[in-house]
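Okay, so here's the structure we're looking at.
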Amino acid sequence: MRPVNEDEITAWHEAGHAFMAAILGGEVDSISIDPDWDDGPKRFGDTTVRWHANRFTQQQLQRNAVLVALAGPVTEMIHRGDPLHPATVAEWAMDWGLAWQAAAFLKSDRERMKFLERSSVELYQTLSQDNHWAAIGAIVDHLLAYETLEGETVHEIVAEWT
């Protein structure tokens, strides 16, 4: 296993969130590996996404929120070559919590857990596709070069590869 570069890992993680939001029809506003810490808890990356509620049902919005939340950890798993359970990594607790909350349309904890695990496996398969992985890699390259990207750049990169 290669040495861990925190900026690189954060870039892969945030690129996963942004890529998934873009392909699901969300509007990525910005993505950063150097976010401000003045508006909440300390974090190493940040992806801001807007959803136009008139284009989605409530359940679609919730499902999209699950997929976007889990896409960061899953992208990181693929990049590192470590297929971990997203609920077991402390650094991913916020992502897992957001996914868990978004899956509240499922009434039992057991159903919710199965849905999140199945979604993680599907994301792993989807994000591993050559053209998707290339788009994520291009976002990572831009993030490492500039630290912050406007959403327009993310959408241009995704359109080029999908």
How large is the dipole of the chain about the Cα centre if only Lys and Arg carry +1 and Asp and Glu carry -1, each at its Cβ, rounded to the nearest 20 debye? 1040
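Could you sort 21-31, 148-158 so that the peptide with the highest average Cβ count within 10 Å comes first and the rest follow in order? Don't jump to the answer; show the numbers that get you there.
Values: 21-31: 20.5, 148-158: 18.5.
Descending packing order for the listed peptides: 21-31, 148-158.
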Computed lengthening from Ala145 to Met113, 0.36 nm per intervening residue step minus Cα-Cα distance: 7.8 nm
Residue among Ala135, Ala102, Ala145 with the largest mean-square fluctuation in a Gaussian network model of the chain, springs linking Cα atoms under 10 Å: Ala145
Listed residues Leu143, Leu106, Leu116, most fluctuating in the chain (Gaussian network, C-alpha, under 10 Å): Leu106
At least 20 Å along the helix axis (C-alpha) and Kyte average at least -0.5, DSSP helices within the chain: 6-23, 58-80, 130-146
Sort 68-79, 85-96 for me by packing, meaning the mean count of neighbouring Cβ atoms within 10 Å per residue, highest on top. 68-79, 85-96
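Only sites in a loop by DSSP and with at most 10 other Cβ atoms within 10 Å count here; which trypsin sites (Lys or Arg not before Pro) in segment 82-143 make the cut? The partial results should precede the final answer.
Numbers: sites: Lys107, Arg110, Arg112, Lys114, Arg118; in loops: Lys107.
Those satisfying the criteria are Lys107.
What relative contact order, as a whole-number percentage, does the chain give when Cα pairs under 8 Å and 6 or more residues apart are counted? Let's see the in-between values first.
Numbers: 228 pairs, mean separation 51.1, N = 162.
Value for the chain: 32 percent.
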Loop chymotrypsin sites (Phe, Trp or Tyr not before Pro), segment 99-162 (other Cβ atoms within 10 Å of the site Cβ: 13 or fewer; DSSP): none
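Expressed in nm to one decimal, what extension gain is obtained for the pair Leu84 and Thr48 from 0.36 nm per residue of sequence separation less their Cα-Cα distance?
Details: separation 36, 0.36 × 36 = 12.96 nm, distance 2.51 nm.
Full extension from Leu84 to Thr48 adds 10.4 nm.
Just so you know, all these numbers are worked out from the coordinates, no wet-lab data involved. Every value quoted in this text rests on a predicted model; they were computed, and no experiment measured them. FYI the Cβ positions are ideal-geometry reconstructions off the backbone, even for glycines, and counts take in every protein chain you see.
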